[in-house]
Amino acid sequence: MNKLTFDQALERIGDERSIERADVLASALKRKIWCGSWHAPGCMSDHNWTCETRAGCIDVAIQLYAEDAPRGFISALKRDGIAGTDAQGYYRVSIERNTLADILYERARRL
């Protein structure tokens, strides 16, 4: 069996199909990817997504909030990578940069 490329691995992650680190090319595992999560205060993540760029990750976050975004949401997300106010009951959104290997490790750990 041929090992998966970076793009093939991202496609499987996006489709929420199973994927093992051993099935992915070593060079693909080292590549960086942006991850976003959207969750309620005090809860585990409700929604996760991956993008190849920081701007793409921010765009997804903005789409999730649509008109309900609190004042300063977009600015905080662009500046700090975290937005939302727990005290006001808003969902919290965060973005961070990881390697594909880190993401696969986290997925395996959650199972």
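Just so it is clear, none of the values below were taken in a lab; they were calculated from the coordinates. Keep in mind that what you see is a predicted model, and the values were worked out from it rather than measured. Here the Cβ is made from the backbone with ideal geometry for all residues, glycine too, and neighbour counts use every protein chain on show.
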Task: Phi to ³J(HN,Hα) by Karplus 6.51 cos²θ - 1.76 cosθ + 1.60 over segment 92-106, Hz, x for Gly, Pro - done: 9, 10, 9, 10, 7, 9, 9, 8, 4, 4, 4, 5, 5, 4, 4
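Nearest 0.05, what FRET efficiency do residue 62 and residue 98 give at R0 = 25 Å with Cβ-Cβ as r? Could the numbers behind the result be given before it?
Values: r = 21 Å, r/R0 = 0.83.
Approximately 0.75, to the nearest 0.05.
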- [ ] In whole Hz, with x marking every Gly and Pro, tabulate ³J(HN,Hα) for segment 31-39 from phi via Karplus 6.51 cos²θ - 1.76 cosθ + 1.60, θ = phi - 60°.
- [x] 5, 7, 8, 9, 10, x, 9, 10, 8
